[in-house]
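K.L.:
What follows is a structure written as structure tokens; I'll ask about it next.
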Amino acid sequence: MANDPVERTGTDAADPSGAPAPARSRRRGRTARLAGAGALLGLVAGVCAGYLVQAEREPTRLLSQPVIGQAEGDVEPLSAAEDRKVRTDGDLRKLLLDKPRGARTASWVPQDGWMELAEYADHFSRPGEKFNSLATDQFRRAAVTGWRVGTSSVVDIRLVQYRQEDSTAAADATHNMEDDVESAPGTRSWSIQGTGDGMAYVHPRPVVDYGSGRTLYSAEAYAWRGDVAMEIWLFSNGPIAEKEIRDLARRQMERL
């Protein structure tokens, strides 16, 4: 992240010894396959003949199905609380976790809480490639929040939404993120309750924040729901407990 604390077939030959060459084993299988094909054609022909005979007959009670009348009246629509599409098509920023009491908004968070395509892509190691990928995946928008708690910890949360007219981009993006994290040596992982295949990760080895020179520990979490992918990063001066990142991710997914 640019402004985050951490940027994150062979040939037959005689035996030279003079010993007779072993008899070549017979290839098996072709006759069986031909016989099987013949049996299959006979079965198909029999089935077709059966359908033709039955088509000429009057329907019987066993083959007739009762006509089910269409229900009358209007179908009650889902409420906003029950229809996820209604919730996520609104102001996505309202679904972000609230900043904890006493915490201050992180400097990298846009004032309006939104990240455009180019700005979001710029937070990756290869912005140009990421920009093209996001455009292909029909990136729609990203709602962002983040905060600092004293000088001890930093949180960054993003809800990235895709149009998903002909793909499952939110799920794909989440799985790609998870694959990248799981390839890092020593990374520990846990599932996030209630999110299906959402995962939380803790890196036990600290890294150096080149901006401040401090040694920081990190954790991250990824999950998706519908057309929205959730991304969370947590940085701290000390080791991060598994419960801390999982709880943060669980609470954010509940808001979706």
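Yes/no matrix, rows are residues, columns are (1) among the charged types (D, E, K, R); (2) under 12 Å from the mean Cα position of the chain (by Cα):
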residue	(1), (2)
162	no, no
170	no, yes
178	yes, yes
196	no, yes
202	no, no
209	yes, no
223	no, yes
242	yes, no
256	no, no
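K.L.:
With respect to the numbered conditions (1) closer than 21 Å to residue 254 by Cα; (2) in a helix (DSSP H, G or I); (3) open to solvent by less than 60 Å² (accessible area, probe 1.4 Å), which one is the sole condition not fulfilled by residue 221?
P.N.:
Of everything listed in (1) closer than 21 Å to residue 254 by Cα; (2) in a helix (DSSP H, G or I); (3) open to solvent by less than 60 Å² (accessible area, probe 1.4 Å), residue 221 misses just condition (2).
K.L.:
Continuing with this model, one more query. Among the listed residues 159, 216, 234, which satisfies the condition of being surrounded by 17 or more Cβ atoms within 10 Å (Cβ to Cβ), under 22 Å from residue 100 (Cα atoms), in contact with a Pro (Cβ under 7 Å, 6 or more places away or on another chain) and not hydroxyl-bearing (Ser, Thr, Tyr)?
P.N.:
216
K.L.:
Given 145, 136, 174, which one is of a type in the set (Val, Ile, Thr) and under 15 Å from the mean Cα position of the chain (by Cα)? Let's see the steps before the verdict.
P.N.:
Numbers: 145 fails: under 15 Å from the mean Cα position of the chain (by Cα); 136 fails: under 15 Å from the mean Cα position of the chain (by Cα).
Checking each option against the conditions leaves just 174.
The values are calculated or read from the model by the stated rules, or taken from the named source; none is laboratory data. Quick caveat: nothing in here was measured; it's all calculated off a predicted structure. Glycine gets a Cβ as well: all are built from the backbone with ideal geometry, and neighbour counts include every protein chain shown. Side chains included, ligands, DNA and RNA excluded: accessible areas come from the protein's heavy atoms. Shrake-Rupley method; radii C 1.70, N 1.55, O 1.52, S 1.80 Å.
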